[in-house]
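The values are calculated or read from the model by the stated rules, or taken from the named source; none is laboratory data. Owing to the predicted nature of the structure, the values given are computational and were not obtained by experimental measurement. Cβ placement follows ideal geometry from the backbone for every residue including glycine, while neighbour counts extend to all protein chains displayed. All accessible areas refer to the heavy atoms of the entire protein, side chains included, with ligands and DNA or RNA removed. Shrake-Rupley method; radii C 1.70, N 1.55, O 1.52, S 1.80 Å.
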Amino acid sequence: MTSALIYALTGAALFLIGVAGLILQPHLLRKIIGFNIMASGIFLVLVGLGQREGSVDPVSQAMVLTGIVVSVAATALALALARRLLDLTGKMRLPGSGEGMPGKKPDA
Amino acid sequence: MRDPAPWLILFPLIWASLAFLRGQGRGGRLAVAGLTIQLVLAALLAEQIASDGARSYTVGGWGAPLGIDLYADGLAGVLLLLTQIVALPLVVYARAYFAIHPDGISYFWPLTGYLLAAMNALFLSADIFNIYVTLELLGLTAVGLVAAGGGAGPVGAALRYLLVTLLGSGAFLLGVALVYGTYGSMSLQVLTPLINADAPAAVFIAAGLMLVGLLLKTALFPFHFWLPPAHGGAPAPVSALLSALVVKASFYLILRLWLHAFAPLVTTVAAQLLGFLGMAAILWGSVMAIRQTRLKMLIAYSTVAQVGYLFLLFPLITDTNPAAAASALQGGVMQLVAHALAKAAMFAAAGTIILSIGRDDITRLGGVSTRLPLTLFTFALAGLTLAGLPPSGGFIAKWLLITGASGSDQWGWVVVMISGGLLSAAYVCRVLRQAFLSIEAGTKFSPVSRVLEWSAFLLASMSLLLGLRSTEVLGLLESE
Amino acid sequence: MTLDLLLVAALLWTAVQSLATPNLFRGVVLFIVFGLFMALVWVRLHAADIALAEAAIGAGLTGALLLNGVGHLRAKQQSTLP
Amino acid sequence: MKGVLDLLVIVLCLVLGAALWWAMLDLPSSRIHLAEQVAAKLDASGVTHPVTAVLLNFRGYDTLIEVMVLFVALIGMLTQAEKGSQWLSAGYRPPPLPAPPFHLEVLQWLARVLVPLMILTAGYLLWAGAHRAGGAFQAAALLAGAGVLLNLAGLLPAWTTFRAGMRAGSITGLLFFVLAAAATAAAPHGHLLQYPAGWAGMLILLIETGLTLSLGLILAGFFLLLSAEASDGSDTEE
Amino acid sequence: MTLNESLPLLMLASSLVPGVVIFFLAETRFALRTTLNVAGAILKLLLIGYMLWGVVEGQSYVFRHTVLPGLELVLEADALAMLFVTLSAALWLLTTLYAVGYLERSPHRSRFFGFFSLCVTATIGVALAGNLFTFFFFYELLTLSTYPLIVHRGTEAAIRAGNIYLAYALTGGAVLLTGVVWLYGLLGEVEFAYGGVVAAMGPEYHGQLRIIFLLLIAGLGVKAALVPLHGWLPQAMVAPAPVSALLHAVAVVKAGAFGIVRVVYEVYGVEFAQSLDLLTPLAVVAAVTIIWGSLRALWQDDLKRRLAYSTVSQVAYIILGVALFGPLGTIGGVVHLVHQGIMKITLFFCAGNYAETLGIHKVTEINGAGRRMPWTSVAFSVGAFGMIGLPLTAGYVSKSYLTQGAEMAGMAWAGWVLTASGLLNALYFLPILYRLWFKSQPQAWPNEHILARGRKETALLLLIPPLVTAAATIAAAVFADTNWSPLFWAKIVATKEYLLE
Amino acid sequence: MTDLGMVLEVFLFINLLVALLKVTRGPTHADRMLAALLFGTTGVALLLLLAHTEGEPALVDIALALAVLAVIAGAAFAQRAWRGKWEGNEHS
């Protein structure tokens, strides 16, 4: 097993940790952190699998760079919206049921 | 232009950037001009596809797998044309709408431009990582448009939408990573034969992750929870764009991957599961639509239901006889097109009504039939399409889908489709019923511009006439 | 390989803790630390470009953005407290 | 209900995790090695660093859309920042920066030393990107970092409004990229982002420079827009 | 496109185009609107005249438009279609004139006449449909264009009635659609043809064909108001009188009945349907409907409701005729399609006149109206006699053919049903006539709108249409043996359906 | 040499982990932040070492960037902390 593959496996775990945080944590900042951890996990899988036979793979590295930029953009936008929501409602939680994302109906 | 494909992406990017340069609230005219050109380009591309078959375009001149390819087959041609056709009347509508009600105008034009660029790029893309990037562009622009409405409701809805769309594209990207890790390429053209030859477990998981990610974005039941507040809370032109086009983009991806690259992986069980979720969406969405008190929320829930309709396609095209599958596929695409036109018209009409009477309450629509007859007529025509009644495009879609279902002996789905149509008729009727009542004391109808009424009417009548001219659409769809 | 395994353990630990720790500020700081570990991972994967970006983003921008968010939250909570 | 849902999510995550690990450990070696193709075509790409070659040439189209994503996020933030605030009203002048309290003086001194260094480093990274790690995005991140530091030190006010100059600055680099792409697509026998032979290196450097400036402004904007104080907390709606 | 191809299309256009134009006319453009309406109706009648002659000469008028590969909209003018088209167009002209008089003071006339013309267009489409798909297409269009007419008044009651109508009609349409698509799945294309098109299917399909027949008849039966699917019809009475007239005599119920005729004769073929044992159950349903409708009519005090239940009963005569195996029954059923239309529209016109002139809505309020409104009452009496089936009325002609048909088909019980129904008809119509002519006038009419001026008991436009249709009721019987009577055409149809040529 | 590098790397890394422990333990925000800053410096050292052992000169650039950028997080903290807004307000 190459170390790249170990990192890929770690990436899968990080993805799931991030997803769980994104879904289960009610606080918006935690959700955003969860998203970032999820993204890091994916990037690790991408490069880890791409380089699992030991050779360096510039294509997967370039894709991860693109992905990082995208996730920064998303983080910034999410923070701006969360901040606005804080100004409007005084809470850093999603309105309505808000707690977990899926399942609960916003109008229930 | 020899190849309209890249220009369909570049044009909106350019006019959106110029609109941003000009400042807040500016750029409506640029948008109309840009979209007119895009419409011509899309028509040109459709013409080329219809006569010469599917087209490929190598970005950067490298070619897959090193470079990125654009690829436009009949399905992409239909969707590109549809996008520009729906968007053009909508931007005309939006100019008139924001002239009366400027909330949410601030960066509407650049965001709309980037939205269209993202959508065109997505329809043309033939590279799964590139698809991911376009998906993100699409998602963030859509979120920006929803959030621009301001107020706790829209901002909360936008944030929820953002988190869902990020989760969705995250799942998609993990799928991309697994596929790339397995085969070393991201080009769909290169991947298709490889997946056909041999698909290890990782590819199955990848396909599942990508599917779930896209389902989240398409808002299929039970992932629909984010859609009604986001679509119902945004300004009317935004709701129309989102409900008519944006959810279709991720559906288009599901369909394309299902039909081509991942075709060897799909199973009847998965198809039936999607069908069941579609059924649940139809029932749940319709019932919720019937129970809404706000007009735009009703329409938003109707989108949930209509998206469910699209997914009835999958059990009909998977492991069934070719004739039934072909008919069902045509029906699904017709449903997509008809719904896009009708839903855009419906949100636009609702926007006009709300602008005129200054509130969004279904039980207090009395008098709309006499004061805004054209708008109500627009609403009714759009409702006709949603309910799948002749002569609308929705009827042809339903006919084809039912033919597919009966041709493959899946009578359960016939019942679902038929009752779905009746349920849609029920919620459309709820609105019409109130609108036919006489004017309530205290309701004031402020005058609205004719542009608002006629642009919506144009969309609705297109959804209707589609029923009589569907051979053209299907002809384009068939060109491989 | 030893370094790799230590790094993996640190990554997982910081990730879980930054999400699970009850103190929000601690969570954010742990996330910044997570970013630094990520940068080291990229170095180990011979991805210098990504390491650079991760350092710039994780240690710099995202961290600052998140700290900023915590700050606003605190300010808000204090201003709304009686 | 909530507990059950949480449990469900966790169980699903565990199952998916197990499946992912098993699938990854079971992966055959891939058929296509893009790294070899990159190496083979590197000479024609105009740069010598493979990652930069992929980012700005082989898959430059991805980058084109990616920078748009970044920009769209900024627009999305602008729709929020300029709402519910008094900055839009005509005649509003931002209050002058208060005299720095003592404790900021150290920070300001630090910033005055570091910021030129950061700009220098950014320029270096941009230049280095052609043949080793570095490039537009990393350089831009450093530029933005400089902006953040200045703000933290009280030398640069938070952006309460987005002026025409900033608007132009944040879009110009991207627009240049788009127009360059359009030019390549419009050229006879040209394809989108197919740089004319011999011009690739030059064009990539130009595009990267434009991107660095615009991206720097955008990334700094992320922070500076967010660090603007809410009007005074009184705009809370129920 | 040759003239013969474009004629069916022109026929649709002659009501569609005025309809669409009228939508966009201002409320005050009274003269232009009326001119358009009448011009459209007259043009349509001229076209029909030309085509009637052509059909007798053996010309074929077929228009085809491909909607989908293998799926066509076909408009074809055959004898049966022409019979229905003629009825619709003639009654459209009369109803338009009547409606102009009736709605003189009410709002939203542009909307009303627009949908009115659309409704006629849909009816013409139903009549001319050359295949099952086209039939369904216009059948649903008819539902949609009548809904705004029913809710026209915008009152709670009207809207409730409209929604009930829509719920029934759309559900029926959905059931019909299932059957239609199923049949298309089996056959590929279901063009109407004399003698039917499904007989060629092997015995292994007979089970499916029976289910499809059930679906088709159930779907059509909603509009034809077969018991127990008739619930919407009495509710729809709240609509303005011209709408009720159109609904009952021409458009909606007839579209259902006409569809059943097409399905039994030209999709299944009467012999094949008989061999599948489908006709007897259909006859039973029709008989039950006849009796049930008549019984319910007995107890209605509201005049229009009584007429509505009478419609339920009378339309089932057509179905009964269809279900009687043998040409005589067919002739009786098909000719009743026309005869019932003429008679029932007379009655509704008259009911409208009573309501509009004197405010009479109930049977108990009608005492002595015969002296106040003699012409209207004469027309009403003729219509009522026709319904009962007295000699020298159109009703007599249909009933005699139906009775003979029942004997020929060996279903003597059907004859008894007809006789019983005649008695019941008499029971609920004769009291009205008695009150009209022999009871004394009350002190004051419930709500007198229009004063008698000289010999004009009411507005002229309200008076002429019922008189014309009453005259037609008698003429159809007196001149039954001539070459242009409905009976003559019904005989042509029967000859063709039984492939007797 | 490589062995020595390896040992040093692991040592520095353990240093990082100890700092990590401090970050999680607190007790004050200032402790945490200082520990995080220590991360920056140790990270730079580790990167320079790695640049040497792995033979990748580009890593020096990273060390440079990290050194410069680590200041920002510290500054962000400092700016907030000195305002005294949440000193002593330990729990969210």
- Item | D:ASP43, B:ASP69, ranked by accessible area, largest first (probe 1.4 Å) | D:ASP43, B:ASP69
- Exposure ranking of C:ARG74, E:ARG371, B:ARG359 by accessible area [1.4 Å probe, largest first]: E:ARG371, B:ARG359, C:ARG74
- Could you tell me which of rounded, prolate or oblate describes region A:6-69, using a ≥ b ≥ c as the square roots of the eigenvalues of the alpha-carbon gyration tensor, with rounded for a/c under 1.5 and, failing that, prolate when a/b is larger than b/c and oblate otherwise? oblate
- Violating pairs (Cα-Cα greater than 28 angstrom) within the set E:LYS223/E:LYS439; B:LYS343/E:LYS44; E:LYS223/E:LYS496; E:LYS254/E:LYS304: E:LYS223/E:LYS439; B:LYS343/E:LYS44
- Task: Quick one: net charge around B:VAL247, please, counting Lys, Arg +1 and Asp, Glu -1 for every other residue with C-beta under 10 Å from its C-beta.
- Result: +3
- Message: Once R0 is set to 45 Å, what does the formula 1/(1 + (r/R0)^6) return for the Cβ-Cβ distance between D:ALA40 and D:ALA183, expressed as a FRET efficiency to the nearest 0.05?
- Response: 0.95
- How far is it, in nm, from the label point at D:TRP109 to the one at B:VAL287 when both lie 7 Å from their Cα along the line to the Cβ? 7.1
- If the label point sits 7 Å along Cα→Cβ of E:ARG453, residues of region E:346-369 with amide N under 19 Å come out as E:353-354, E:356-359
- For chain D, longest principal axis from Cα atoms; helix D:102-128 axis from its Cα atoms; angle between them, nearest 10 degrees, is 20
- Message: If packing is taken as the average number of other Cβ atoms within 10 Å across a peptide's residues, how do B:465-471, B:369-375 rank, most packed first?
- Response: B:369-375, B:465-471
- Between F:VAL18 and F:THR41, what FRET efficiency follows from the Cβ-Cβ distance if R0 is 22 Å, with the result rounded to 0.05? 0.95
- Spin-label model distance (nm) - B:ARG26 vs B:GLU47, 7 Å beyond Cα toward Cβ: 3.5
- Can you figure out the FRET efficiency of C:GLN78 with B:ALA197, using R₀ = 45 Å and their beta-carbon distance, to the nearest 0.05? 0.10
- Once label points are set 7 Å from the Cα along Cα→Cβ at both E:LEU214 and D:TYR124, what is their separation, rounded to one decimal in nm? 8.6
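Only sites in a loop by DSSP and with at most 13 other Cβ atoms within 10 Å count here; which chymotrypsin sites (Phe, Trp or Tyr not before Pro) in region D:136-238 make the cut?
The qualifying sites are D:TRP199.
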- Message: Please report the accessible area of D:ARG132 (heavy atoms, 1.4 Å probe, ligands and nucleic acids excluded) in Å², nearest 10.
- Response: 60
- Query: What number, rounded to the nearest 500 deg cm²/dmol, is the helix-based mean residue ellipticity at 222 nm of the protein assembly as shown, given -39500 (n - 2.57) per DSSP H run of at least four residues and division by all its residues?
  - Reply: -24500 deg cm²/dmol
- Message: Using the Karplus curve 6.51 cos²θ - 1.76 cosθ + 1.60 with θ = phi - 60°, what ³J(HN,Hα) values do you get for each residue of region E:472-483, in whole Hz, with x for Gly and Pro?
- Response: 5, 4, 6, 4, 4, 8, 5, 9, 4, 8, 7, 7
- Item | Of C:ALA55, E:TRP182, E:LEU80, farthest towards positive along the dipole that unit charges on Lys, Arg, Asp, Glu beta carbons give the protein assembly as shown | E:LEU80
- Query: How much net charge surrounds B:VAL92 when only other residues with a Cβ under 13 Å from its Cβ are counted (Lys, Arg +1; Asp, Glu -1)?
  - Reply: +2
- Item | Cut-off 20 Å, label 7 Å out along Cα→Cβ of E:ASP481, residues of region E:374-394 by amide N | E:390-394
- Query: trypsin sites (Lys or Arg not before Pro), restricted to region E:453-484: which are DSSP loop and have at most 16 other Cβ atoms within 10 Å?
  - Reply: E:ARG455
